[in-house]
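Please read the structure below before turning to the comments.
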Amino acid sequence: METGEGADGPSGPGEPGAGPGTELTGLGCASFNQDSTSLSVGTKTGYKLFSVTSVDKLDCIYESETPDVYIVERLFSSSLVVVVSLSIPRRMNVYHFKKGTEICNYSYSNNILSVRLNRQRLVVCLEESVYIHNIKDMKLLKTLLNTPSNPSGLCALSINHSNSYLAYPGSSTIGEIIVYDANNLSTVTMIPAHDSPLAALTFNSSGTKLASASERGTVIRVFSIPEGQRLFEFRRGMKRYVNISSLSFSPDAQFLCASSNTETVHIFKLEQHGPSGEEECPTWGSYVGKMFSAASSYLPAQVSGVMSQERAFATVRLLVAGQRNVCTLATIQKLPRLLVASSDGQLFIYNVDPQDGGECVLAQKHRLFGEDEDKEEGVESEGSEVTVPVQACPSYAATVAIPTTGPVTTTLTGYSEDGGAKKGEVIPEHEFAAGPVCLDDENEFPPVSNQQLS
């Protein structure tokens, strides 16, 4: 049993997002790309792609007027972007935003709840089914039918295309996780992670660790992949049940951040003690910890389990509680940062002390809407010295991403990895796929038609 967990309402699929049938106010969705160098936001009036490679400057690299977007996902720093709109919630459109062209579109039997992608696979999650596509030619490879009811579309896909693991709920009543190999199209394991239904899932960048939280939001667990063994257990609170909205590992998998509907974002440190369990420099805290460990052998399992769980290494106090948000840990300008995008249209960047932790310091705050957009979205503009106005965005024709009707045959063109980069900007070597997909090869992709999936 999960000590301290109790009944609470379900949370969203790990990001601020409105589902089909929801009228959008403020941000309809927000998601960071796979390496947290880009932020995608969807609103009632369109969607935007931002570069987040600088603390003081937020560059809008693309803007579309497609209305009511509730899913927008970008593939690394490429020009491929996946969009789903409330106007046609059963259809996924894949665009080459730099060229202003549609690559392909797919229609499904029910509303699309989430989309995940890496350089090898594109995964579409419906309430009771999961579709796995080959991202090279968008061919449908596998359909997982009759999956447990998953109304939030909760799923996670490893960004490492060599370890292309997919995780999704194995039950609608308890926190079972199905780990599926999206490359070999086979089930790997089932992890009994929590007593309550799942609320959040995320892989580390190498696909060797999986973090999870339940709807009760008090316990966060980390498992080894593919074995499914429990490695860490963190507690974000003992008294208050919350809705965990976002989980994210740092690039080196040494830290894990968790945000919720409260005003606090927690950062946990994944520390492995030596075989003897001794620390090089014992601290007062470690001495007290040893006392607790010794005492735990005389206590009921439920109580000792609580005492053995690690507490937050660092925290952030958000300005406002109760708003949907998505968080990520990233290295920006060679320093560790915590990024939080909130549903009221703001991006907060905090400095993280990787040695001592503690309370993180706000380094910068950016508005994701202009003043006119704030009024249209019903978001109050809040003056602040650290607020940096978003720069003017280059726009394509408004018709580029507007859903079309009737049969349409398009060409699945190549989409370059420098899709959002400015001229002269250095693209890291890891951005280029050395394995199964060459994203800058225009001749690799055959023609693809729009398809209806039932």
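The values are calculated or read from the model by the stated rules, or taken from the named source; none is laboratory data. All values reported here derive from a predicted model rather than from experimental measurement. A quick note on method: Cβ atoms are made from the backbone with ideal geometry, for glycine too, and the neighbour counts reach across all protein chains shown. Each accessible area value is taken on the protein alone, full model and side chains, heavy atoms only, with ligands, DNA and RNA left out. Shrake-Rupley method; radii C 1.70, N 1.55, O 1.52, S 1.80 Å.
Computed values, structure above
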read-out: For Ser40: the one exception among (1) open to solvent by less than 10 Å² (accessible area, probe 1.4 Å); (2) small (Gly, Ala, Ser); (3) under 16 Å from the mean Cα position of the chain (by Cα); (4) farther than 23 Å from Asp344 by Cβ; value: (4)
read-out: Qualifying positions in segment 331-341 - open to solvent by 10 Å² or more (accessible area, probe 1.4 Å) and assigned to a strand (DSSP E or B); value: Thr331, Leu335, Pro336, Arg337
read-out: Qualifying positions in segment 75-93 - free of Cβ contacts under 8 Å to residues at least 60 places away in the same chain and open to solvent by less than 20 Å² (accessible area, probe 1.4 Å); value: Val81, Val82, Val84, Met92
read-out: Residues located in segment 234-261, provided they are in a strand (DSSP E or B), over 25 Å from Asn183 (Cβ atoms), open to solvent by 10 Å² or more (accessible area, probe 1.4 Å) and at pLDDT 95 or above; value: Phe255
read-out: Residues within segment 313-330 that are small (Gly, Ala, Ser), surrounded by fewer than 22 Cβ atoms within 10 Å (Cβ to Cβ) and at pLDDT 85 or above, tallied; value: 1
read-out: Filter result for Ser196 (assigned to a loop (DSSP other than H, G, I, E, B) and surrounded by fewer than 22 Cβ atoms within 10 Å (Cβ to Cβ)); value: no
read-out: Subset of segment 76-86 [farther than 23 Å from His366 by Cα and assigned to a loop (DSSP other than H, G, I, E, B)]; value: Ser78, Ser79, Leu86
read-out: Single residue of Ile159, Ile174 found to be in contact (Cβ under 8 Å) with a residue 24 or more places away in the chain and either of a type in the set (S, T, N, Q) or surrounded by fewer than 24 Cβ atoms within 10 Å (Cβ to Cβ) (or both); value: Ile159
read-out: Boolean, Phe97 is farther than 22 Å from Phe203 by Cβ and buried (at least 21 other Cβ atoms within 10 Å of the Cβ); value: yes
read-out: Unique residue being modelled with pLDDT of 95 or more and closer than 19 Å to Thr328 by Cα when the list is Ser171, Ser224, Ser186, Ser212; value: Ser212
read-out: Of all residues making up segment 121-146, the number that are touching a Ser or Thr at 6+ places or on another chain (Cβ under 8 Å) and free of Cβ contacts under 8 Å to residues at least 24 places away in the same chain; value: 4
